[in-house]
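Please treat every number below as a calculation from the coordinates, not as lab data. The shown structure was predicted, so the numbers you read here are calculated from the model rather than taken from an experiment. When we count neighbours, we look across all protein chains shown, and the Cβ atoms used for this are built from the backbone with ideal geometry, even at glycine.
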Amino acid sequence: MSKIVIVYHSGYGHTKKVAEAVLAGTLEAGADSRLLPVGEIDDAGWAELAAADAIIFGAPTYMGGPSADFKKFADASSKPWFGQTWKDKIAAGFTNSATMNGDKFSTIQYFVTLAMQHSMIWAGTGMMPSNTKAATRNDLNYVGGFTGLLAQSPADASPEEAPPAGDLETARMFGARIAGVAARWNAVAR
């Protein structure tokens, strides 16, 4: 059984909903997983990250990049970086913003760079986009992310209203995919 930690920041609760959906997918796929909010990481949290087989990064996209709270966590990860304790772990990421584009890819690219700094192995969504005329907002991967999971919540919508069901189902399936990737990697690596 793979151990997965979903380390995330959520400013208003929308990204937390995405994190919870990702968690549900990992658990359904048989992983031993947990959420770890960046503001709650203590020594035990750092130890969990070191023991994980996969780490999934999550943050809202603010002003074209990850939130400052997530950045603070990333900057604090220099100690694991120095010891390369995350080397060869599976890495993945997700983000949410108020607009359909919202420069979300900048946040995902930040996560990829963070993972590469730690010598991790990146896994994308593995999902085709919903890009036909018949597509609806609640279709899977409607926002069309490949490198990482992308979700959207209108600025005036509460976490009870957004992200939409399609984005949350995409997040659940993304979590299941990462759990599967981690399990396959562990079977080969051991």
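For the reader, a short list of remarks on this structure follows.
- By the compact-protein rule of thumb, 2.2 N^0.38 Å, the alpha-carbon radius of gyration of the range 1-107 corresponds to a ratio of 1.04.
- Within the range 46-87, the trypsin sites (Lys or Arg not before Pro) that combine a DSSP coil assignment with at most 15 other C-beta atoms in a 10 angstrom radius are LYS87.
- About its Cα centre, the chain has a charge dipole of approximately 540 debye under the convention of +1 per Lys or Arg Cβ and -1 per Asp or Glu Cβ, with nothing else charged.
- Cα-only Debye scattering, the range 89-190: base-10 log of I(q)/I(0) at q = 0.23 Å⁻¹: -1.22
- Per residue, the convex hull spanned by the Cα atoms of the chain measures out at 103 cubic angstrom.
- Members of LYS16/LYS71; LYS17/LYS79; LYS16/LYS133 lying beyond 24 Å, as alpha-carbon distances in this model show: LYS17/LYS79; LYS16/LYS133
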